[in-house]
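Structure, as structure tokens:
What follows draws every value from the coordinates through simple rules; no lab data is involved. A quick note: this is a predicted structure, and the numbers were derived from the prediction, not measured. Methodologically, a virtual Cβ is constructed for each residue, glycine included, from the backbone with ideal geometry; neighbour enumeration extends over all protein chains shown.
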Amino acid sequence: MNIKKKLKTVGANEFGLSSRIKIAVDSKDNHYIIKNVKSRIIMKTGQKINETTNQIKPNIIGAVFLATTAPVCSKTKNYLEEKKINIIFDYIVF
């Protein structure tokens, strides 16, 4: 039985980010960078996610996660884990 995280979208401009970046928050004040793409997430994208995380972290209390439906390259997955960015695949945005 998979329990999906319930996420609520927030404006990326609150963090000084482009409006093209999708940010969501859960009930525990954790923030999620949402990447719904069809292709695999590779290292170049992982580095951009890390940069975005570094802009979000000073403004929040909780942790920052990556929420995606796409597969993640193993090197990128390890890179994000080293940077303390966890990845979730089961979520609902409303």
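Considering only DSSP beta bridges with both partners in segment 5-93, what is the antiparallel share in %, to the nearest 5?
Roughly 35 percent of the beta bridges in segment 5-93 run antiparallel, per DSSP.
Among all the aspartates and glutamates, which ones have a C-alpha under 20 Å from K28's C-alpha, if same-chain residues fewer than 8 places away are not counted?
E14, D90
How about K44: which lysines have a C-alpha closer than 22 Å to its C-alpha, ignoring those fewer than 8 places off in the same chain?
Once the sequence-local lysines are set aside, what remains near K44 is K22, K35, K57, K75, K77, K83, K84.
Treat every Asp and Glu Cβ in the chain as -1 and every Lys and Arg Cβ as +1, leave all other atoms uncharged, and give the resulting dipole magnitude about the Cα centre to the nearest 20 debye.
300 debye
Of the labelled options (1) 0.99; (2) 1.24; (3) 0.93, which one gives Rg/Rh (Cα atoms, Kirkwood Rh) as computed for this structure?
Answer by label: (3).
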